[in-house]
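These notes concern the structure reproduced below.
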Amino acid sequence: MGKFCPNCGRPLHEGEICTCLHDGSVPEAPVTPAAPAAPEAPAAPETPAAEPVPAAAPAEPGKVQSAVKGFMSFFKRYFADPVSATKEAIAGGDTANAGIAAAVYGVACFLLLFVACKRLFAVIEDSMGRHAEFEASIPFFAFLLYSLLAAAIVIALAGLGFFVAAKLGKRTLGFREAVIAAAVNTILPSCGIVLTIVCLFISVKLAAVVFALISVAELVLFAAISLRAVDIELKGATVVWLALIWLVVSYAGGYLTYKLDYNALKKVEINEVELGDYLEEIEDHLDDLKDMDAMDIIDDLLW
């Protein structure tokens with residue numbers, strides 16, 4: 001049985017291979033076009049990745065807190081080496097620590113005056129007995145104002161003294177730096193005032209003695225530390241001039257402080273009458289006594 005080409009049906013001899021597919025005599029089966037692909041759905045817009053939230057930074061301390069911490073550090077350095085601490089304040093123009101030291105000194109002066117008056121009036125009231133009518137009212141804000149003003153005047157005068165002393169010692173020191181030196185060196189007087197206030201609660205007489213001794217010691221240390229801080233050599237005529245300057249400054253500061261404290265005391269009310277009115281009446285009587293003869297005064301006392 002002969003063979004036939006399965007594609008074109010042509011009879012084939014034994015071992016023959018039909019070439020219908022190669023010569024194109026048999027058409028190829030039509031290719032069905034593929035169905036158009038469905039349009040792709042638009043890609044959803046990419047959502048940007050959320051940025052990592054940085055960890056909250058620790059809250060920075062406020063200006064007041066930083067200033068207080070800085071002053072406490074300076075306070076420790078001052079007691080470790082007052083001369084070096086004063087030099088550091090002058091070189092750096094440290095108005096912050098100088099201002100805090102001056103404020104502390106002013107408040108200490110106020111507390112000393114306020115507590116001293118309280119204790120003094122308490123002693124007077126106890127000596128008069130329970131049945132005596134004695135009521136003293138101390139004006140808080142008047143005392144505070146006069147005390148702060150007195151502290152500012154003392155620091156300004158001390159700064160002026162250091163400024164003049166530096167000029168005599170041929171040292172370069174501006175008035176601003178001199179006031180800074182005076183202000184930071186009020187740390188010692190402030191500590192002395194605190195000690196006096198503590199003594200007031202024990203005994204008024206003890207407080208008076210302690211205050212007198214501390215005042216003299218502080219005056220010397222105050223001057224010595226500040227003068228060494230500006231490298232003034234204490235020799236020859238310089239010592240005499242510096243001593244005179246310091247005496248003048250101390251006297252002026254003491255006198256002005258006394259006048260301010262005296263005016264503050266005049267605002268005290270005793271039995272609802274200002275102490276100033278009592279003092280004026282006493283001064284009037286003293287003026288009258290000055291104009292009287294000794295025999296007239298004796299007659300008034302006797303009759």
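The values are calculated or read from the model by the stated rules, or taken from the named source; none is laboratory data. Keep in mind the model is a prediction, meaning the values are calculated, not measured. Note: ideal-geometry Cβ built from the backbone for every residue, glycine included; neighbour counts use all protein chains shown. Each accessible area value is taken on the protein alone, full model and side chains, heavy atoms only, with ligands, DNA and RNA left out. Shrake-Rupley method; radii C 1.70, N 1.55, O 1.52, S 1.80 Å.
Some observations on this one:
- Computed in the context of the full set of protein chains, the accessible area of the range 73-232 at 1.4 Å probe radius has 70% of its extent on carbon or sulfur.
- Per-residue ³J(HN,Hα) for the range 188-203, Karplus 6.51 cos²θ - 1.76 cosθ + 1.60, θ = phi - 60°, Hz, x for Gly and Pro: 5, x, 4, 5, x, 5, 4, 5, 5, 4, 4, 5, 4, 6, 9, 7
- Residue-by-residue Karplus 3J(HN,Hα) for the range 216-222, coefficients 6.51, -1.76, 1.60, Hz, glycine and proline x: 5, 4, 5, 4, 5, 5, 4
- Per-residue Karplus couplings for the range 246-252, computed as 6.51 cos²θ - 1.76 cosθ + 1.60 with θ equal to phi - 60°, are listed in order as 5, 5, 5, 5, 5, 5, 4 Hz, Gly and Pro entered as x.
- Length gained on full extension, Leu168 to Ala208, computed as 0.36 nm times the residue gap minus the Cα-Cα distance: 10.8 nm.
- For Arg171, residues with placed amide H under 5 Å, excluding near neighbours: none
- In nm, spacing of pseudo-spin labels at Phe201 and Val68 (7 Å Cα→C-beta vector): 2.1
- Distance between the pseudo-spin-label points of Ser127 and His13 (7 Å out from Cα toward the beta carbon): 16.3 nm.
- Calculated FRET efficiency, Leu145 to Lys87, Cβ-Cβ distance, R0 = 45 Å: about 0.85 to the nearest 0.05.
- Here each label is just a point 7 Å from Cα along the line to Cβ, and for Glu135 and Val216 those points are 4.3 nm apart.
- Surface calculation, 1.4 Å probe, protein heavy atoms: Cys8 sits at approximately 60 Å² accessible.
- Long-range amide H partners of Cys18 with built H, under 5 Å: none
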